[in-house]
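Reading through the structure tokens given below for one structure.
The values are calculated or read from the model by the stated rules, or taken from the named source; none is laboratory data. Values in this document were obtained by computation on a predicted structure and should not be read as measured data. All Cβ positions, glycine included, derive from the backbone under ideal geometry; neighbour counts span all protein chains shown.
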Amino acid sequence: MMLNCAQPLPLLRHTDVPPRVIENFILTGYRFPNYSLRDCLLSAFRPTNETGNFWTHFLPVFVFAYYFVEVFGWEGAPRSDAPFFYPLWNYFIGVFCLLMASSMAHLLNSMSLVVREVCFFVDYGTISAYTVGSSLAYYYYIHPRAGIVETDPEPDPDPDGDPAGAPGSSGAVPEFSAFFDTFYIPCTCVVAIICVLSCCNTRQRWRKHRYMIRTLVFLLPFFVSSMPVFYRLLTRSPYSGSPSSLSSSASMPGFFYRHCLWLLVSAAFNISKLPERLAPGRFDIWGHSHQWFHCCTFLSILDELHMIKAEVRAILLSPALLPPAAAAAARLPGPTAASTYGVMLLLQTTIVSIIMYFSWCASRIYGPQGAQLEAELRRRRALKGR
Ligand SMILES: [Zn+2]
């Protein structure tokens, strides 16, 4: 699939590129740093060792959008710009930024060593923003109190049973309720910031164990963000009084388990560097671990979307659970612009500041090498023109 019109630059072996650019067990297909923007964009259509990385996160943007918009056509759904959907839009923003930043980082990272660093800082930043987008959706749609009806038609016959279905109950045992109300979203934001700081650091120090650290660092937000889901899995469904809601919500655990499975498999690919570890050079262009990592992370996101949609549907099928009725009935605070977009904006501003700091550090380290690489590129172009 080589584009002849662009007279593409030659692809290089791992021995011909700066050590910074070398990926373990990938021997050929490297683009030399200092590509122009045009060269980078055209390289999406050339078989390089980044081509698969680009497409495996670029095409999923459209698949995700296709499944996402379905929600707004459901019966009983408010308008797409209603406050009820603010958390869902924040989730969309998180996923969209994650997939676009990741695919663009892989496409544009050959512009210079500094741009390469910035691309991956942005990549880590958007992963963290995505986890907070997920948490906002979990908080408002899978929150322990979400879906609690004021009057339960079948009061719990077991006085020692789970209080989630009790009339007038807040839906969660008090200590959990207090945690979720007060600390859940701030905790996810703090963890997201710790992740960005740690991952950016692995590009400048702790290099030897970078894949391990990056993978472990992203397990932490998973456990914090998923707490409402764990809680829901361990307690009685809050939709016991509404058969249609209950049946929609019943598919939630299955999607969550599959979401976890894909995350585990993606982590295994990212740490093990299989299959290229077994046959260095054989998977340089297609089929190396990072492409499988991208595919698995997207499948995990898709199952997460299905899980959130199942819960949104359960709420929509019980009009009493929609704000403002829900707010009056179960003291469930409805989403506001400040509690959703505001949180996201604050987080993104903090992440951008962190990225700017690390980019400044990277420009001091790698900037001086730019002129040397430029000269090398000119020499190679001259050789190619002979
Ligand atoms: Zn990637």
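Remarks
- Residues of region 217-249 classified as assigned to a helix (DSSP H, G or I), surrounded by 15 or more Cβ atoms within 10 Å (Cβ to Cβ) and in contact with a Leu (Cβ under 7 Å, 6 or more places away or on another chain), total: 3
- Residue among PRO33, PRO10 that is over 21 Å from TYR211 (Cα atoms) and surrounded by 17 or more Cβ atoms within 10 Å (Cβ to Cβ): PRO33
- With respect to (1) within 16 Å of the ligand (Cβ to nearest atom); (2) at pLDDT below 90; (3) assigned to a loop (DSSP other than H, G, I, E, B), the lone exception for ASN49 is condition (2).
- Set LEU136, LEU98: member being assigned to a helix (DSSP H, G or I), crowded, with 24+ Cβ neighbours inside 10 Å and within 14 Å of the ligand (Cβ to nearest atom): LEU98
- Residue count for region 250-273 satisfying the condition of being of a type in the set (Val, Ile, Thr) and assigned to a loop (DSSP other than H, G, I, E, B): 0.
- Enumeration of residues in region 267-288 that are more than 12 Å from TYR211 (Cα to Cα) and either within 14 Å of the ligand (Cβ to nearest atom) or buried (at least 20 other Cβ atoms within 10 Å of the Cβ) (or both): GLU276, PHE283, ASP284, HIS288
- Annotation: ALA44 fulfils all but one of (1) surrounded by 14 or more Cβ atoms within 10 Å (Cβ to Cβ); (2) within 16 Å of the chain's Cα centre (by Cα); the unmet one is (2).
- First in region 181-207 and over 16 Å from GLY133 (Cβ atoms), second anywhere and among the acidic types (Asp, Glu) and buried (at least 17 other Cβ atoms within 10 Å of the Cβ), Cβ under 7 Å, 6 or more apart: ARG203/GLU117
- Hits in region 289-314 - residues which are of a type outside the set (A, V, I, L, M) and within 16 Å of the ligand (Cβ to nearest atom): SER289, HIS290, GLN291, TRP292, PHE293, HIS294, CYS295, CYS296, THR297, PHE298, SER300
- The residue of region 312-351 that is modelled with the highest pLDDT, among those that are surrounded by fewer than 15 Cβ atoms within 10 Å (Cβ to Cβ) and β-branched (Val, Ile, Thr), is THR349.
- Taking region 180-216 as the range and being in a loop (DSSP other than H, G, I, E, B) and surrounded by 17 or more Cβ atoms within 10 Å (Cβ to Cβ) as the test, only ARG203 passes.
- Scan of region 180-234 for residues that are among the small types (Gly, Ala, Ser) and within 16 Å of the chain's Cα centre (by Cα), ordered by number: ALA192, SER225, SER226
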